[in-house]
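> Pasting a structure here, questions to come.
The values are calculated or read from the model by the stated rules, or taken from the named source; none is laboratory data. None of these values were measured; they are calculated from a predicted model. Virtual Cβ from ideal backbone geometry, glycine too; neighbours counted across all protein chains shown. Accessible surface is based on the protein model in full, side chains and every heavy atom, while ligands, DNA and RNA are left aside. Shrake-Rupley method; radii C 1.70, N 1.55, O 1.52, S 1.80 Å.
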Amino acid sequence: MDLLDNGLLDSLSMVNLIMYLEVRLGRRIDRKDFCMEDLRSVSRMRAFLSSLQ
């Protein structure tokens, strides 16, 4: 399910999500390391987070 298209995330909540992920991961996520498409769905987020490991 696309979280943006279905209204579950907006631009502000996307920024909050990135900040939350940085805290949970214990590292900064550089903007050049991802695109917004990486965070549009749970499965895409999972794949993105796996790529950071």
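> Filter the trypsin sites (Lys or Arg not before Pro) in the chain to those in DSSP coil with at most 14 other Cβ atoms within 10 Å of their Cβ, and list the result.
27, 28
> Give me the tail of P(r) for the chain as a percent: Cα-Cα pairs with distance above 13 Å.
Beyond 13 Å sits 58 percent of the P(r) for the chain.
> How much accessible area per residue does the chain have, in Å², with a 1.4 Å probe?
74 Å²
> With each label point set 7 Å from Cα along the Cα-Cβ vector, what nm distance links residue 15 and residue 52?
1.8 nm
> Same structure again: Quick one: dipole size for the chain, taken about the Cα centre, charges +1 on Lys/Arg Cβ and -1 on Asp/Glu Cβ, in debye to the nearest 20.
260 debye
> What's the local net charge at residue 40, with K and R +1, D and E -1, over the other residues with C-beta under 11 Å away?
Spelling it out: positives minus negatives among the neighbours equals -3.
> By how many degrees, 0 to 90 and rounded to 10, does the Cα axis of helix 11-25 deviate from the longest principal axis of the chain?
Tilt relative to the chain: about 30 degrees.
> For the chain, what % of the accessible area comes from carbon and sulfur atoms, probe 1.4 Å?
54 percent
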